[in-house]
1. Just to check I understand the Karplus step: with θ = phi - 60° and J = 6.51 cos²θ - 1.76 cosθ + 1.60, what whole-Hz values come out for segment 28-34, glycine and proline as x?
2. Rounded to the nearest 0.05, what FRET efficiency is calculated for residue 93 and residue 23 with R0 set to 30 Å and r the Cβ-Cβ distance?
3. Set the Förster radius R0 to 22 Å, insert the Cβ-Cβ distance between residue 155 and residue 115 as r into 1/(1 + (r/R0)^6), and round the FRET efficiency to 0.05.
4. For residue 123, list long-range residues whose amide hydrogen, built 1.01 Å from N in the peptide plane, is under 5 Å from its own amide hydrogen.
5. Filter the GluC sites (Glu not before Pro) in segment 29-126 down to the DSSP loop ones having no more than 10 other Cβ atoms within 10 Å, then list what survives.
6. Roughly how many Å is it from the Cα centre of segment 155-176 to that of segment 79-128, as a whole number?
7. What are the ³J(HN,Hα) couplings of segment 151-165, residue after residue, when phi is run through the Karplus curve with 6.51, -1.76, 1.60 and θ = phi - 60°? Round to Hz, x for glycine and proline.
8. Please list 3J(HN,Hα) in residue order for segment 111-128, calculated via the Karplus relation 6.51 cos²θ - 1.76 cosθ + 1.60 where θ = phi - 60°; whole Hz, with x for glycine and proline.
Amino acid sequence: MSGHGGDRLVVPGELLGTAEEFVPGHGTYEDGGRIYAALLGHSQVDPSDRAIRVRALNAIPRLADNDEIIGRVDELKSAMAIVSILAAADTGRGAPGTPEGTIHISKAKDGYTESLADEFAPGDLVIARIIQSKPTVKLTTAPPELGVVAARCQLCHALLGQRERDLECPRCGHRERRKIASRYGQAFGSAGAPTGPHAERS
């Protein structure tokens with residue numbers, strides 16, 4: 001059928017094709033031998049089985065292995081950091097319910113980590129990768145592109161700027177150590193300032 005099929009924006013109730021052409025998949029329904037969109041989104045055809053699906057335009061982000069997330073370090077324990085997952089790193093869209101993940105001390109950086117307090121501090125914003133999504137979320141910041149992307153001074157709470165391998169407070173001059181991501185200060189606007197709905201007030 002001309003004009004039907006995959007790879008286009010569709011609205012609920014829009015005709016996608018017939019049951020002779022496609023197999024109805026997620027986000028679709030069949031009625032009288034015709035397949036319709038059940039969601040607002042993009043239609044996609046899987047060439048392996050001719051299944052037609054609709055990927056929701058405003059789908060709730062789902063946490064999956066190897067996804068990168070933006071998180072906030074909430075607590076440090078002796079062997080792990082507790083992180084609230086705020087958003088998907090690629091889209092910036094919030095994760096439903098602010099789920100928690102953990103960074104084990106062995107996954108904080110490449111090499112030996114004596115203390116997690118040398119790598120993170122409560123309140124730090126991090127980019128981390130999911131290495132296990134179920135039953136609990138486990139994260140890593142070991143690769144150089146991952147780690148802390150925004151941090152505040154533990155003395156005066158000003159945003160820290162990167163200075164060589166450490167972070168330095170532009171207000172009081174205090175220097176602190178972190179597992180710094182190679183994109184420190186880039187993912188959250190200028191000077192490492194968090195932007196968007198999860199930005200903290202100074």
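All of the numbers you see were taken from the coordinates with simple rules; none came from a lab. This is a predicted model, so every value here is computed, not measured. We place every Cβ from the backbone using ideal geometry, glycine too, and count neighbours over all the protein chains shown.
1. Along segment 28-34, the couplings run 10, 8, 10, 8, x, x, 10 Hz.
2. Numbers: r = 29 Å, r/R0 = 0.98.
With a Förster radius of 30 Å, E is 0.55.
3. 0.70
4. 73, 74
5. 114
6. Using only Cα atoms, the two centres lie 20 Å from each other.
7. 8, 10, 4, 6, 9, 10, 6, 6, 5, 7, x, 7, 9, 6, 9
8. So the J values, rounded to whole Hz, are x, 6, 10, 6, 8, 5, 5, 7, 10, 9, 9, x, x, 4, 9, 10, 9, 9.
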